[in-house]
Amino acid sequence: MTNPSVLEWIESTRLSIAIREGGLPYPIIGGIHLLSIALFGGALLITDLRLLGLVMAQRRFSDLWYQFRPWKRLGFVTITATGLLLAWAEPVRLYGSPSFWVKMSLFALVGVHARVFRAGVYGHPEKQDAGISSQAKLAAVLSLVLWAGMVLAGRLIAYDASFEPTGN
Amino acid sequence: MNSSEWVFPIVQSLHFIGFALSIGTIAMVDLRLLGVGMLRQSAADLAADLEPWTRLGIVIMLTTGPLMFSTDAVAYHFNPSFQFKMTCLALALLLHFTVHRRAVRPGISPLAAKGAAVISLVLWSLVVAGGRMIAFI
């Protein structure tokens, strides 16, 4: 696989070199990435588990949705921002990593998922207050599978043969 | 676990999901204690609702963590980041099962509740940060 020259340009930027070879920046950005996973993942898990009736079942779904959404959004923004920085540091390696492409494909599916279930579930959370629809339960299960898959694929990037990280 | 290249990252992923569940739900209660979110129910109600999931997350963490430790116990034992992480983890767990449980009760002084929330957020963040540093130091 030949590397597009744009990737080599990215690796030559000062920001990329600073993150990749600066010592502390890489694990610090990785640490913030993980903390964001805790924030986003916690809010996501609770929201999805509520749709499945497994947590806070006595509270209305819309109540929960509006309370957790800002934190989910904050977590999503910081995951994406730190993820971009980590990718900016090692674009050539990531380009050659199958797990990275699996992760990005799942990320694209997350976008599809949000769009598909917006009309029936996420766009009108009040509709679920009387009773959770089977469509909403399906949305919750798929959401859990997609995000768990992203965690696993993300972790596997460090183990891809073509990838030689400074740490695991 | 050392025999298959797949097992370690799978266990590690479960570890991540475990801490998202435990630390994520603890953070939600902390944000409620700080008065910046989850305001539609009391801190006591929120904590009671989320506690089973927090504990499930802790159980997953404390199962997958030692499994990973067992693959290279000596190296982990002498790793400064690991030692730092374990110290913070012990303090964070102690806080969670003592001070944190009292902080959500009605009638507690708001200042004490906020103090407990800040210490909880800082300790759990250090646990995650220390964990990330293990591979680098």
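Every read-out reported here was derived from the displayed coordinates using simple, explicitly stated rules and does not represent laboratory data. In this text, all values refer to a predicted model and were calculated from it rather than measured experimentally. Every residue, glycine among them, receives a Cβ derived from its backbone with ideal geometry; neighbour counts consider all protein chains shown.
Does A:Leu35 satisfy the criteria of being within 14 Å of chain B (Cβ to nearest Cβ) and either part of a helix (DSSP H, G or I) or more than 13 Å from the chain's Cα centre (by Cα) (or both)? When the stated conditions are applied, A:Leu35 passes them. Taking the criterion of being of a type in the set (Phe, Trp, Tyr) and in contact with a helix residue (DSSP H, G or I) (Cβ under 8 Å, 6 or more places away or on another chain), the residues of the stretch B:1-58 that qualify are B:Phe8, B:Phe16, B:Phe19, B:Trp53.
Quick one: would you say B:Ala75 is free of Cβ contacts under 8 Å to residues at least 60 places away in the same chain, over 12 Å from the mean Cα position of the chain (by Cα) and within 21 Å of B:Ile17 (Cα to Cα)? No, not satisfied.
With respect to the stated conditions, B:Val127 fails to be part of a helix (DSSP H, G or I), surrounded by fewer than 20 Cβ atoms within 10 Å (Cβ to Cβ) and of a type outside the set (Ser, Thr, Tyr).
In the stretch A:7-24, the residue that is surrounded by the most Cβ atoms within 10 Å (Cβ to Cβ) out of those that are in contact (Cβ under 8 Å) with a residue 24 or more places away in the chain and not in a loop (DSSP other than H, G, I, E, B) is A:Ile19. Hey, any hits in the stretch B:67-81 for a residue that's of a type outside the set (Val, Ile, Thr), out of contact with any Lys or Arg (no Cβ under 7 Å at 6 or more places or on another chain) and in a loop (DSSP other than H, G, I, E, B)? Yes, some residue in the stretch B:67-81 is of a type outside the set (Val, Ile, Thr), out of contact with any Lys or Arg (no Cβ under 7 Å at 6 or more places or on another chain) and in a loop (DSSP other than H, G, I, E, B). Going through (1) away from chain A (no Cβ under 12 Å); (2) under 22 Å from A:Ile37 (Cα atoms) one by one, B:Ser13 falls short only on (1).
Sort out which residues of the stretch A:52-65 are in contact with a helix residue (DSSP H, G or I) (Cβ under 7 Å, 6 or more places away or on another chain), within 20 Å of B:Val29 (Cα to Cα) and more than 8 Å from chain B (Cβ to nearest Cβ), and write them in order of number. Selection gives A:Phe61, A:Ser62, A:Leu64, A:Trp65.
Working carefully through the options B:Leu94, B:Leu39, B:Leu89, B:Leu46, find the one that is aliphatic (A, V, I, L, M), within 11 Å of chain A (Cβ to nearest Cβ) and part of a helix (DSSP H, G or I).
Exactly one residue qualifies, and that residue is B:Leu46.
In the set (1) buried (at least 19 other Cβ atoms within 10 Å of the Cβ); (2) in contact (Cβ under 8 Å) with a residue 60 or more places away in the chain, B:Lys114 fails one condition alone, (1). Looking for something charged (D, E, K, R), crowded, with 20+ Cβ neighbours inside 10 Å and over 27 Å from B:Gln41 (Cα atoms) - is there at least one such residue anywhere in the stretch A:104-121? No, the stretch A:104-121 contains no residue that is charged (D, E, K, R), crowded, with 20+ Cβ neighbours inside 10 Å and over 27 Å from B:Gln41 (Cα atoms). For the stretch A:38-48, filtered to residues that are at the interface with chain B (Cβ under 7 Å from one of its Cβ atoms) and of a type in the set (A, V, I, L, M), the residue that is farthest from B:Arg132 (Cα to Cα) is A:Ile46. Put simply, of A:Ala153, A:Ala89, A:Ala140, A:Ala148 the only residue that is within 14 Å of chain B (Cβ to nearest Cβ), in contact (Cβ under 8 Å) with a residue 40 or more places away in the chain and under 16 Å from the mean Cα position of the chain (by Cα) is A:Ala153.
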